[in-house]
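Beneath this line is the structure, given in structure tokens, with notes to follow.
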Amino acid sequence: MNSRQIAFLRLLLEHEEYLPVGFYAGKMDVSDKTLRRMIHGVNEILTSYNGVIESRPGTGIRLEINEEERGRLMNSAYMMELMDSGALSRSWNQLSRRMDIALNLLLYSDEATSLSGLAYKYYVSKSSIAGDLKALVPFAGKHELRIIQGHGGTLVEGTESCLRKALAELLLYILDNNINANTGSNPAAAGMFESDTLMTILDIFTEEDLNFVEGLIKHIETSAGYRFDEREYMEFSVNLLVMIYRVRNGFLMEPVLKSNYRKQERDPLDAIAFELASRLSSSYRYTLSVSETSHIYNVLAATHLGNFLMQKELPEEESRKTAVAFGEDFIDAFSVITGINLRTKSTFYVNVISHITLMLNRAASSTPARNPIIDILLENYKGTINVCQIICRILTEKFRLPEISFDEICYLMLYIQGELLADEEKMDVILVSNMSNSITNILKHKLSQNYPQWTVVSCDYNHFLEISQKQYDLILSTVPLGSREHVIPYVLISPLLDEKDCAAVKNLLKSCRHREELYLRELMRARNDLYDIGCAVEVRNRKPTEIPVTGFLKVTALKEVEFVYIHNEAGINRCQFVTDLLQKRLYKVIMDMSNWDFMLFASKMVYLMDNCPDWAMTEFIQNIITEGR
């Protein structure tokens, strides 16, 4: 009896009433046709239990069997299910098998293993193992490792630092999925990794190792007044455990040049790394080299501990000055980007500076605020969030501050978005009416109620023909106007200002609100302004084989253009447009600059590209390709 027949029998035993074939097919995730084919085979099995599957047209099927035989069949089906699941468990699922192979290759990097040995262990063919090894090549390549297959077997080659990074990442992946599966937060991960894999992890990290690392982390937290968040705790502890395991087994870090040591002048992490190295040497009775101490430093630097300690050393007044400088740069950057003078808005200025002060304090203490409406904000204001994320990241790099969480950035974005919406609602409007003053005043009152941000000036038709329209944004008229009589958007309304009139106004505002024709002009101006302030502006075609550039920030904007930000100390300020000539699209914009203010200004292009119409983007791309800058 196969597993599918056992499952069908168990379902029949659970339901004594007539049920449609489709009910059982749905439960077993098979088609109705497949299930009907199974009935004959199951009936043959049921003959030894004096049972049969009865079928009633238009009603369904059910199991016909007496109570005594039903009990015997239930026991048999249960035992057969146990036996079948035992056989199935001997064949690992593909993902867990590949992760286990990778884990063992990394743990025992000095030992070659054969295809036949792996095939025997996992109860699969050698061709399946060969496929698994091929599938692991990208993971190895990501960490600058190579999977070598020769006559002596298969092993992993690479530097010790790369091996440790790959091993730590893999262990975190396995442990994270196992924890999520056990807590129910990731049901899909349940059973993802076999018990053998988890036992391997428990075997390499002894109870003494786990207790020692836990003690180290508690010591750091107590002495520094800092608390690692859950993710930091996992990453830091796993990296230390990997280091202990590798050193214990004779795998030592390769010598590094002094320039590779990431410590900075008066860096508080330097002393902590040295202390941890001393404690490890004392407990495990081996001397750690400068390379190992450097490795500990790099593991520490991946947390927010260093930024926390740097901020902690600053006097309160200095922290306040930093927050004000950050806030003013933030406001000035968005003033340039949006064209709204935000500095003159006193309430806005005070609120933003206060918010940023608290936000930076939370970032320094690794206690960021959680944003429960982040999905709603992303759905409605992704473009503004993109720019806010870029500005915040540039400023944290400029002022050497802890990284600000995405939740916090979305909160800060609301201040900017509020001003953008308020600015969109402000309009100077001409109301043209030949009605009596009393009716015109009633109409103006209705407009002020519906559109409180508008400034409305009324006049009759004859006076309207004499005034300049350029200082206004919109014309509302109870008098029909000819096409040559207005040079700005115009809506014909009734003196009653009914729902149809409001709908007509809304539709017109929607079509002209973003002043689409200005986006192309602003994009051109932003590019030319970069050139004028001293930035080299370059255009080049994308090379399919080029190695992707890395920077401190990458953001993919709404029109699928990737913006890469690189800070250099060489005094170079360059904005590079990378185009795809075949698809006639802008592929990437690289901001490689030493001047932080230039970088802030250049971010205006992200805002413009996110909001401009497609035709303006197409013309801009064509222009930069043609001009070469």
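The figures follow:
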item	result
Residue in the stretch 232-243 that is modelled with pLDDT under 85 and either assigned to a helix (DSSP H, G or I) or buried (at least 18 other Cβ atoms within 10 Å of the Cβ) (or both) present	yes
Condition met for Lys33 (farther than 18 Å from Ile65 by Cα, without any contact (Cβ under 8 Å) to a residue 24 or more places away in the chain, in a helix (DSSP H, G or I) and in contact with a Leu (Cβ under 8 Å, 6 or more places away or on another chain))	no
Scope the stretch 601-617; condition closer than 13 Å to Leu558 by Cβ and either among the acidic types (Asp, Glu) or outside any loop (DSSP other than H, G, I, E, B) (or both); matching residues	Met605, Val606, Tyr607, Leu608, Met609, Asp610, Asn611, Asp614, Met617
Hey, Glu379 of a type in the set (Asp, Glu), out of contact with any Asp or Glu (no Cβ under 9 Å at 6 or more places or on another chain), assigned to a helix (DSSP H, G or I) and surrounded by 17 or more Cβ atoms within 10 Å (Cβ to Cβ) or not	no
Considering residues of the stretch 79-98 that are in a helix (DSSP H, G or I) and at pLDDT 60 or above only, the residue surrounded by the most Cβ atoms within 10 Å (Cβ to Cβ)	Arg97
Single unsatisfied condition, Thr440 versus (1) farther than 20 Å from Tyr472 by Cα; (2) touching a strand residue (DSSP E or B) at 6+ places or on another chain (Cβ under 9 Å); (3) not assigned by the TED database to the domain that holds Arg362	(1)
Phe334 assigned to a helix (DSSP H, G or I), in contact (Cβ under 8 Å) with a residue 24 or more places away in the chain and over 19 Å from Ile394 (Cα atoms)	no
For Thr303: the one exception among (1) more than 23 Å from Tyr233 (Cα to Cα); (2) in contact (Cβ under 8 Å) with a residue 12 or more places away in the chain; (3) not in a helix (DSSP H, G or I)	(1)
Residue in the stretch 115-133 that is farthest from the chain's Cα centre (by Cα), counting only those that are modelled with pLDDT of 85 or more, of a type outside the set (A, V, I, L, M) and surrounded by 15 or more Cβ atoms within 10 Å (Cβ to Cβ)	Ser128
Lone qualifier among Arg320, Arg370, Arg343 - being surrounded by fewer than 17 Cβ atoms within 10 Å (Cβ to Cβ), part of a loop (DSSP other than H, G, I, E, B) and of a type in the set (D, E, K, R)	Arg370
Flag if Thr293 is touching a residue at least 60 places away in the same chain (Cβ under 8 Å) and either in contact with a Pro (Cβ under 9 Å, 6 or more places away or on another chain) or surrounded by 15 or more Cβ atoms within 10 Å (Cβ to Cβ) (or both)	no
Identity of the residue in the stretch 400-453, out of contact with any helix residue (DSSP H, G or I) (no Cβ under 7 Å at 6 or more places or on another chain) and part of a strand (DSSP E or B), that ends up surrounded by the fewest Cβ atoms within 10 Å (Cβ to Cβ)	Asp428
Odd one out for Leu288 among (1) under 30 Å from Arg246 (Cβ atoms); (2) outside any loop (DSSP other than H, G, I, E, B); (3) not polar (S, T, N, Q)	(2)
Candidate set: the stretch 470-490, residues that are polar (S, T, N, Q) and loosely packed, with under 15 Cβ neighbours inside 10 Å; chosen: the one farthest from Cys502 (Cα to Cα)	Gln471
Restricting the stretch 576-597 to residues that are over 23 Å from the mean Cα position of the chain (by Cα) and among the aliphatic types (A, V, I, L, M), the residue that is modelled with the highest pLDDT	Met593
Residues of the stretch 458-509 classified as farther than 13 Å from Leu447 by Cα and in a loop (DSSP other than H, G, I, E, B), total	22
Condition check for Leu19: modelled with pLDDT of 90 or more, touching a strand residue (DSSP E or B) at 6+ places or on another chain (Cβ under 9 Å) and closer than 30 Å to Leu136 by Cα	no
Pro495 being free of Cβ contacts under 8 Å to residues at least 24 places away in the same chain and surrounded by 13 or more Cβ atoms within 10 Å (Cβ to Cβ)	no
Test: Ser76 is assigned to a helix (DSSP H, G or I), modelled with pLDDT of 80 or more and surrounded by fewer than 18 Cβ atoms within 10 Å (Cβ to Cβ)	no
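Residue-wise test of (1) crowded, with 17+ Cβ neighbours inside 10 Å; (2) at pLDDT 90 or above.
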{"position": "Ala536", "(1), (2)": "no, yes"}
{"position": "Leu553", "(1), (2)": "yes, no"}
{"position": "His567", "(1), (2)": "yes, no"}
{"position": "Arg574", "(1), (2)": "yes, yes"}
{"position": "Ile624", "(1), (2)": "yes, no"}
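The values are calculated or read from the model by the stated rules, or taken from the named source; none is laboratory data. Predicted model only: the values in this text are computed from it and were never measured. Here Cβ is always computed from backbone atoms with ideal geometry, including for glycine, and neighbour counts include all displayed protein chains.
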